[in-house]
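To keep things clear, I will list the structure first and then write my remarks on it.
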Amino acid sequence: MEIVNPRTLTDKVTSVISQIVVTTASKLAFISGQVAVDETGALVGSGDYYAQAIQVFTNLKYALEAARAHPLYIDKNEYFCGKPPPGIDFDYF
């Protein structure tokens, strides 16, 4: 098993979690849940859900690159969102 914590993702949480774990018997990468923080651990887009989503998917891109993987090979992707602000209708989705 290979644990990968690339410089492009924050190291503020690596005492608690690993950003990526890659198996060695059969190549699988398990990427931890990504949040809207930059490589320094600073929150990106406070109150701006669009900016936060961009940062989350940028972090996912960095994690895939560090695992030497491509988005086409993602088997499962789950999204968890907090309570939306007034005026945002998530029932649409």
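The values are calculated or read from the model by the stated rules, or taken from the named source; none is laboratory data. Small disclaimer: the values here were computed from a predicted structure and weren't measured. All Cβ positions, even for glycine, are placed from backbone atoms using ideal geometry, and neighbour counts span all protein chains on display. Surface areas here come from the heavy atoms of the whole protein model, side chains and all, with no ligands, DNA or RNA. Shrake-Rupley method; radii C 1.70, N 1.55, O 1.52, S 1.80 Å.
Expressed as a whole percent, the accessible area of the chain that falls on carbon and sulfur atoms is 58 (1.4 Å probe). Considering helices alone, the calculated mean residue ellipticity of the chain at 222 nm is -6500 deg cm²/dmol, with DSSP H runs of length four and up weighted by -39500 (n - 2.57) and normalised per residue. Considering all different alpha carbon pairs of the chain, the Kirkwood hydrodynamic radius works out to 14.5 Å. Assuming a strict under-21 Å limit between Cα atoms, what lysine pair count do you get for the chain once near-sequence pairs (fewer than 8 apart, same chain) are dropped? Count of close lysine pairs: 4. Electrostatic tally near residue 6: other residues with Cβ closer than 14 Å to its Cβ, Lys and Arg +1, Asp and Glu -1, net -1. Over all directions, the projected convex hull of the C-alpha atoms in the range 1-55 averages 4.1 nm² in area. Separation of the range 1-48 from the range 55-82 is 10 Å, based on Cα centroids.
Shown here for the chain: GluC sites (Glu not before Pro) in loop regions (DSSP other than H, G, I, E, B) with at most 11 other Cβ atoms within 10 Å, namely 78. The residues of the chain present an accessible area of 77 Å² per residue when probed at 1.4 Å with all protein chains retained.
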